[in-house]
Structures are given as structure tokens and as C-alpha cells.
1. Restricting segment 1-17 to residues that are part of a helix (DSSP H, G or I), farther than 16 Å from Phe67 by Cβ and not small (Gly, Ala, Ser), which is modelled with the lowest pLDDT?
2. Tell me the residue from Ile20, Ile31 that is in contact with a helix residue (DSSP H, G or I) (Cβ under 6 Å, 6 or more places away or on another chain), surrounded by 13 or more Cβ atoms within 10 Å (Cβ to Cβ) and in a loop (DSSP other than H, G, I, E, B), please.
3. Starting from segment 25-42, keep only residues that are in contact (Cβ under 8 Å) with a residue 40 or more places away in the chain and within 16 Å of Ala63 (Cα to Cα), then list their pairs with residues that are outside any loop (DSSP other than H, G, I, E, B) and among the β-branched types (Val, Ile, Thr) whose Cβ atoms are within a distance under 8 Å, requiring at least 6 positions of separation or different chains.
4. Answer yes or no as to whether Ile31 is at pLDDT below 90 and β-branched (Val, Ile, Thr).
5. State which residue is modelled with the highest pLDDT when the search covers only segment 36-72 and only residues that are exposed (fewer than 12 other Cβ atoms within 10 Å of the Cβ) and of a type in the set (D, E, K, R).
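The values are calculated or read from the model by the stated rules, or taken from the named source; none is laboratory data. Please read these numbers as outputs of a predicted model, since none were measured by experiment. As a convention, Cβ positions derive from the backbone with ideal geometry for all residues, glycine included, and neighbour counts pool all protein chains shown.
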Amino acid sequence: MLASNSLAAGFAVVDEAYDIAFDYLRLAGAIPPMFGAHEQLLDVVVDLYCRGERNKIRIANKAIKAFQNSHP
């Protein structure tokens, strides 16, 4: 049960961090309005989580910066 709760919490952090980063980039015009999920952005969010980052705001900010650096 504990592992299940931990896994659900991990999914929630990744989901919320991705939503924050995606919404910011979409509103900033970096991602077109009708664009669905952005795989590169999701990869960065998941990678940061797997490396031990658990703060959704920090993950979102780092993902935004990584996206902006790769799309000058």
C-alpha cells in the first residue's frame, strides 16, 4: 500500500509540473495553442523527477528553461 501511495504521489508531481511548464510555454507562444502533449518537455520533467527532484515548481522551472534553451 505504501509503495502504491508513493507511486501515485510521484505521478501527481510529474503531472502537475508538466502542466505548469506546458501552460506557461503555451501562453508565452512557444508552443502552438492547438498542440497536444509535448514529448520533449515531458521527457525533461520525467528525467528531473527520476534524478530526485520532487518540487513541482522547481521541476517546471527547470523544464521551461531547458525547453527555451533548445528552442532559441
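1. From segment 1-17, those part of a helix (DSSP H, G or I) are 2-17; that's our starting set.
Those left that are additionally farther than 16 Å from Phe67 by Cβ: 2-13, 15-16.
Of the ones still in play, those that are also not small (Gly, Ala, Ser) are 2, 5, 7, 11, 13, 15-16.
Values: Leu2: 46, Asn5: 66, Leu7: 69, Phe11: 86, Val13: 94, Asp15: 94, Glu16: 96.
The extreme case among them is Leu2.
2. Values: Ile20 fails: in a loop (DSSP other than H, G, I, E, B).
Being in contact with a helix residue (DSSP H, G or I) (Cβ under 6 Å, 6 or more places away or on another chain), surrounded by 13 or more Cβ atoms within 10 Å (Cβ to Cβ) and in a loop (DSSP other than H, G, I, E, B) holds for just one of Ile20, Ile31, which is Ile31.
3. Leu25/Ile64
4. Numbers: at pLDDT below 90: yes; β-branched (Val, Ile, Thr): yes.
Yes; evaluated as a whole, the condition is true for this residue.
5. Ranking the candidates gives Arg51 first.
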